Amino acid sequence: MAASAIPEFTGDHGTTTQEYAYSRLRNAIIVGAFAPGTALTIRGLAQELNLSPTPIREAVRRLSSENAIQVLGNRRLRVPDMSLGRFEELVHLRISLETHAAERAFPYISTVIIEKMRALDDQMDVALAAGDLDALTRINQAFHKDLYGLNPHQAVMPMIESLWLQLGPFQRQVIKTIKVSAMIDRHKEMLAAMEARDVTALCSALESDIRDGSIRLGRAILRNQAGEIVT
């Protein structure tokens with residue numbers, strides 16, 4: 001495992017060593033710091049985080065329950081591989097849950113939140129231009145969470161974040177193949193729809209954002225890995 005495999009994390013680490021270990025490892029997986037199929041060990045992770053094995057074991061247990069790490073025999077660990085069928089399931093669940101979350105949050109959208117989200121979109125442009133994929137992923141998730149979290153009654157974020165976590169390692173592979181010049185900024189379409197108070201346009205732009213960033217390129221990568229002819 002490379003010395004820089006686990007990026008620094010400026011979010012909430014919690015108050016205990018166990019929470020710190022879980023937060024650091026979870027962030028590493030969700031931003032795609034580990035490629036699908038990467039082999040891990042408790043000892044290696046403990047050394048990387050300068051911790052004892054005990055909090056690492058607890059973090060791995062939690063991440064395993066979230067389908068983010070596979071616990072194999074002989075104390076071996078692995079980041080799950082991605083198959084085409086699993087990928088299709090996860091991404092279509094994203095579309096269903098996130099368009100639901102956006103629709104339910106829509107009545108709570110204000111000018112203040114639109115400007116906050118526009119600032120995040122500007123930060124994403126900077127991260128993309130700099131090739132900072134960790135920051136790009138974190139800011140993109142913050143953009144979506146700010147929208148979905150507007151609904152004071154929402155109960156869907158844990159499910160959405162679970163999907164992000166399972167897609168994270170493979171999603172990094174997809175992002176690396178995207179040509180910046182060919183990208184359409186669907187976030188700007190989402191912001192325009194919010195300003196126009198058009199919920200249909202917002203959900204349409206959100207679905208396009210997920211499809212453009214995941215489905216087409218993800219399918220091509222997985223079919224190529226499987227040796228299929230991509231048309």
Counting other C-beta atoms within 10 Å, which of HIS144, HIS187 has the fewest, and how do the rest follow? HIS187, HIS144
Answer check: the chain, Cα atoms, Kirkwood Rh, Rg/Rh ratio of 0.97
What is the sum of charges, Lys and Arg at +1 and Asp and Glu at -1, for the other residues whose Cβ falls under 12 Å from the Cβ of VAL199? 0
Non-local amide H neighbours of LEU77 (under 5 Å, H modeled in plane, Pro and chain starts lacking H): which ones? LEU40, LEU72
Would you mind working out the magnitude of the charge dipole of the chain relative to its Cα centre, with +1 at each Lys and Arg C-beta and -1 at each Asp and Glu C-beta, to the nearest 20 Debye? 880
The chain: Lys pairs at Cα distance under 22 angstrom, eight or more positions apart or on different chains: 5
Just to be sure I follow: if Rg is taken over the C-alpha atoms of the stretch 99-231 and Rh is the Kirkwood radius over the same atoms, what is Rg/Rh? 0.98
Cβ-based charge dipole, the chain, positive-most Cα from ALA28, VAL112, VAL71: VAL71
Rh_Kirkwood(the stretch 17-78) over Cα pairs, Å, one decimal, evaluates to 11.4
Set the Förster distance to 30 Å, then compute FRET efficiency between ASP212 and GLN154 from the Cβ-Cβ distance, nearest 0.05. 0.75
Picking from THR111, THR38, THR200, which is most flexible by a Gaussian network model of the chain using Cα springs under 10 Å? THR111
If you build the Cα gyration tensor of the stretch 1-104 and take the root of 5 times each eigenvalue, what three semi-axes come out, in whole angstrom, biggest first? 26, 18, 12
Expressed as a whole-number percentage, the relative contact order of the chain with C-alpha contacts under 8 angstrom and at least six residues apart is 23
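Quick note: the coordinates plus some simple rules give every number you see, no bench work behind them. Remember, predicted model here, so these are calculated numbers, not experimental data. Positions of Cβ are generated from backbone atoms using ideal geometry, with glycine treated the same way; all protein chains shown enter the neighbour counts.
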